[in-house]
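See below for the structure under consideration.
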Amino acid sequence: QVQPVESGGGLVQAGGSLRLSCAASGGTFSGYAMGWFRQAPRKEREFVAAISWSGGRFLYADSVKGRFTISRDTAKNTVYLQMNSLKVEDTAVYYCAAGGYQAVVAGSADYWGQGTQVTVSS
């Protein structure tokens, strides 16, 4: 059973960049679509981005389109979220998830990480 493990969160000023990583523990992401979600204080978890197993399909939330890029390195069994032009409203705990593509997009992924905190200051 694969366990996603996120890293790369931290504190950054508005306009800055961060790259989140999601590595596989205890298994492999082979065959799985991957997604990133986030949850801000007192808000529900929301979809951020997804990428298919082949890497040929992408989907982004409107709020991050043009600023965030999801990618995967199958050789390293790792998924990334490059976040540029960060805004205060991007502050949240970011979660990595693995599963079928439609399930990931719907927020019903099979495997979820513990999350990494991203804080954007003004």
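The values are calculated or read from the model by the stated rules, or taken from the named source; none is laboratory data. Bear in mind that the values here come from a model prediction, so they are computed numbers and not experimental data. So basically every Cβ, Gly included, is an ideal-geometry build from the backbone, and we count neighbours across all protein chains shown. Heads up: the accessible areas ignore ligands, DNA and RNA and are worked out on the full protein's heavy atoms, side chains in. Shrake-Rupley method; radii C 1.70, N 1.55, O 1.52, S 1.80 Å.
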**Study point:** Solvent accessible area, Å² - Arg38, 1.4 Å probe, full protein context
**Key:** 10 Å²
Point to revise | GNM result for the chain, Cα springs below 10 Å: residue of Ala109, Ala49, Ala97 fluctuating most strongly | key: Ala109
Check your understanding: With springs only between Cα atoms under 10 Å, which of Leu86, Leu20, Leu11 fluctuates most in a Gaussian network model of the chain?
Key -> Leu11
Practice item. Could you pull out the GluC sites (Glu not before Pro) across the stretch 28-122 that fall in loop regions by DSSP (anything but H, G, I, E, B) with no more than 12 other Cβ atoms inside 10 Å? Key: Glu44
Review point. Over the chain, what relative contact order in percent results from Cα pairs under 8 Å that are six or more residues apart?
Key: 35 percent
Review point. With Cβ to Cβ distances under 14 Å as the rule, what net charge do the other residues near Ala97 carry (K, R +1; D, E -1)?
Key: 0
Revision key, fill the gap. Probe 1.4 Å, heavy atoms of protein chains only: per residue, the accessible area of the stretch 43-115 in Å² is 50 Å²
Practice item. On the protein heavy atoms, probe 1.4 angstrom, tell me the percent of accessible surface of the chain carried by carbon and sulfur. Key: 46 percent
Check your understanding: Could you give the length gained on full extension between Ala106 and Lys76, defined as 0.36 nm per residue of separation minus the Cα-Cα distance, in nm?
Key -> 8.2 nm
**Study point:** Reciprocal of mean inverse Cα separation for the stretch 21-122 (Kirkwood radius, Å)
**Key:** 13.6 Å
